[in-house]
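The values are calculated or read from the model by the stated rules, or taken from the named source; none is laboratory data. All values reported here derive from a predicted model rather than from experimental measurement. Neighbour counts run over all protein chains shown; Cβ positions are idealised from the backbone, glycine included. With ligands, DNA and RNA removed, areas are computed over all heavy atoms of the protein, side chains included. Shrake-Rupley method; radii C 1.70, N 1.55, O 1.52, S 1.80 Å.
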Protein chains: 2
Amino acid sequence: MTTMPQPATPDLPAFADVERAAARLKGIAIRTPVMTSRTADAMTGASLFFKCENLQRMGAFKFRGAYNAIASLPEATRQRGVIAFSSGNHAQGMALAGQLLGVPVTILMPKDAPVAKIEATRGYGAEVILFDRYSQDREALGRQVAAERGASLIPPFDHPDVIAGQGTAALELIEETGPLDLLLVCLGGGGLISGCALAAHALSPGVKVIGVEPEAGNDGQQSLRAGRIIKIEVPKTIADGAQTPALGQITFPLIQRDVADIVTVSDAELVAAMRFFAERMKLVVEPTGCLAAAAAFAAKTPVKGLRVGVIISGGNTDLASFCRLLAAA
Amino acid sequence: MTTMPQPATPDLPAFADVERAAARLKGIAIRTPVMTSRTADAMTGASLFFKCENLQRMGAFKFRGAYNAIASLPEATRQRGVIAFSSGNHAQGMALAGQLLGVPVTILMPKDAPVAKIEATRGYGAEVILFDRYSQDREALGRQVAAERGASLIPPFDHPDVIAGQGTAALELIEETGPLDLLLVCLGGGGLISGCALAAHALSPGVKVIGVEPEAGNDGQQSLRAGRIIKIEVPKTIADGAQTPALGQITFPLIQRDVADIVTVSDAELVAAMRFFAERMKLVVEPTGCLAAAAAFAAKTPVKGLRVGVIISGGNTDLASFCRLLAAA
């Protein structure tokens, strides 16, 4: 059994790991388009380059890390299957990656997860085990199921191969745009930003990487300022992909080293960005996917006169919620 | 003054005109992405390649033809300005193209056009002249304003340079996909399909080009079957870009020669396609932009086992209508 790595001083992934992940993902992940908008540039005074991971397979960047983590397992380990607990994009990324690689995938989901998400995960061929989130400890359950099956537990962000996989989004972006002054990346557990920062600093020396969190869930900002991981209550925000209570043992030191600052945006600013993407750029972006762009639009960090990469992380919102949020604004 | 060409046997544009248009548009129009969807392929049994002109500048393919037509005018003519009557995507395409080329643009719009569209057209720097569509003849008014100013009237579809410009969408698509068995294109006045058919037959010999109209507005289908242009009342359909009463003097002979068949889809089928694009492909597509895809999804023409190009023509729908249509379905 492979357990989630939680050493005191973990081995941190490096840019070479992102390059290896890019080679594994070539022809498998979609090389998502980089879009620009004259209107967005006029609004901000910047040159913004949007990396559209909402157009990635299964609708989010999470596919990159999940695929890279499963593909990096030794053959014998892989055959015993992989396991994850998630009710969101990581579950679907794992399920799809496992299907493509012929690896059995088990996903632990809370009993009260939306039926559509459970069905979508099963639709990719994964086995779904439901648990009661009020009476059962999902981590203990995950370790138990992994031990019984000899399966490898793949956490959603705090894993070197997951981080390296996510970093390929920034690698592709900068290959296309050339050097950037600033890279804005949303932040939950920190897997995307720590991987993207590895690629950004290697390919665009002098770039500043800035993380963006929802106001209600600014544990990353607090942690960066305090110099230690601060854990908060599950935050109340429409950015459901960033409702993580704390950074990880691997992501935190990477963020401390490679991320210049973390800023926050309000839910109202996220809705304004969703509206902009739908009306002007014809893109459906989920609230979490709007974090980085909202920081640019609302000038939460200086962008004027700069070449700015903006990661749009995903587009998995159901249309009823999408329309409800836009109607309420 | 240059008037709209309406000869009995007009000079028809050829593939070389599409190639020249592509050279003019290079670096100016967005080379829009070609997307695929495993789910769409599984639903239809085909390999579908979606050319995303909703991601074109100003949100629709119309920019291609407008820019090519203005850029093709002799320098002296150009400086006297261009004029168009349109309340839709052609107006915005002309306004943006004129702005980029430094050519004065006048747009005649009905007084009761949506304020947002009038403002958007003015936002691109065009002069907007409002007229009363019940008491004024817009064509006579257009000719009068054109004569007074020495400006060139650029019609929305029945013009060789407009047609050649629109054809660059299919040229780019097939450059990326290689040979296709079938190309599905929406059809209003026929500018897009006749241009795309020129490119398709040149680059993919043996391809069948199929037009798709809204059920309520099947004048093209009727015309193709009758062998002459049939004019209908302005049709009632949510596909507002296809509410044209008749094909043109240039588009009709091209369609007769190059288009194998014209099929129709219902408004409900358009809404189902809009939903698919938003939920599965994270794209905002206007109803007219869904015509070609809806024909594939609803198997209005055989697609199984075929490599099929599908033009998504535009994404200019306001969010309130978008959400209303999706909620009603």
Mind grabbing the accessible area of B:M58 for me, 1.4 Å probe, Å², rounded to tens? 20 Å²
Report, by chain and number, residues whose modeled amide H sits under 5 Å from the one on B:I262, excluding near sequence neighbours (fewer than 5 apart, same chain). B:G211
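Return the FRET efficiency for the residue pair A:M43, A:E148: r is the Cβ-Cβ distance, R0 is 60 Å, and the value is rounded to the nearest 0.05. Kindly include the intermediate steps, with their values, before the conclusion.
Working: r = 54 Å, r/R0 = 0.90.
Efficiency computed from Cβ-Cβ geometry: 0.65.
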For B:H201, B:H159, give the ranking by accessible area with the largest first, probe 1.4 Å. B:H201, B:H159
Give, rounded to the nearest 20 debye, the magnitude of the charge dipole that the protein assembly as shown has about its Cα centre when Lys and Arg contribute +1 at Cβ and Asp and Glu contribute -1 at Cβ. 280 debye
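With +1 on the Cβ of every Lys and Arg and -1 on the Cβ of every Asp and Glu, and nothing else charged, how large is the dipole of segment B:63-153 about its Cα centre, in debye rounded to the nearest 20? Could the numbers behind the result be given before it?
Values: 10 positive and 8 negative charges, 28 e Å.
For this selection, approximately 140 debye.
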Determine the relative contact order of chain A: mean sequence separation of Cα pairs under 8 Å and six or more apart, normalised by residue count, in whole percent. 22 percent
Probe 1.4 Å, accessible area per residue of chain B, Å²: 37 Å²
In nm, to one decimal, how far is the modelled label at A:E176 from the one at B:E175, with both set 7 Å along Cα→Cβ? 1.7 nm
Describe numerically, in nm with one decimal, the distance between label points set 7 Å from Cα along Cα→Cβ at A:T36 and at B:D132. 4.6 nm
Skipping prolines and chain starts, which residues have an amide H placed within reach, meaning under 5 Å, of the one on B:S86, given they are 5 or more residues away or on another chain? B:L108
Taking B:E139 in one copy and the same position in all the others, each labelled 7 Å out along Cα→Cβ, what are the pairwise distances from the first, in nm, shortest first? 7.5
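Given the rule -39500 (n - 2.57) for each run of at least 4 DSSP H residues, summed and divided by the residues of chain B, what is its mean residue ellipticity at 222 nm, to the nearest 500 deg cm²/dmol? Spell out each step's value before the answer.
Numbers: 14 runs with 146 residues, N = 329.
The helix-only estimate for chain B comes to -13000 deg cm²/dmol at 222 nm.
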Spit out the partnerless Cys residues in chain A, using Cβ distances under 4.7 Å as the pairing rule. A:C52, A:C186, A:C196, A:C290
What whole-number distance in Å separates the alpha-carbon centres of segment A:285-313 and segment B:143-216? 36 Å
Within 10 Å of each Cβ in A:48-59, how many Cβ atoms from other chains are there, averaged over the peptide? 2
Ballpark to the nearest 100 Å², how much total accessible area do B and A bury together, probe 1.4 Å? 1800 Å²
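Say R0 is 51 Å: what FRET efficiency, to the nearest 0.05, do B:A260 and A:I28 get from their beta-carbon distance? Walk me through the numbers on the way to the answer.
Working: r = 36 Å, r/R0 = 0.71.
Calculated value: 0.90.
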How many nanometers, to one decimal and shortest first, lie between the label point of B:T36 and those of its other copies, if labels sit 7 Å from Cα toward Cβ? 2.9
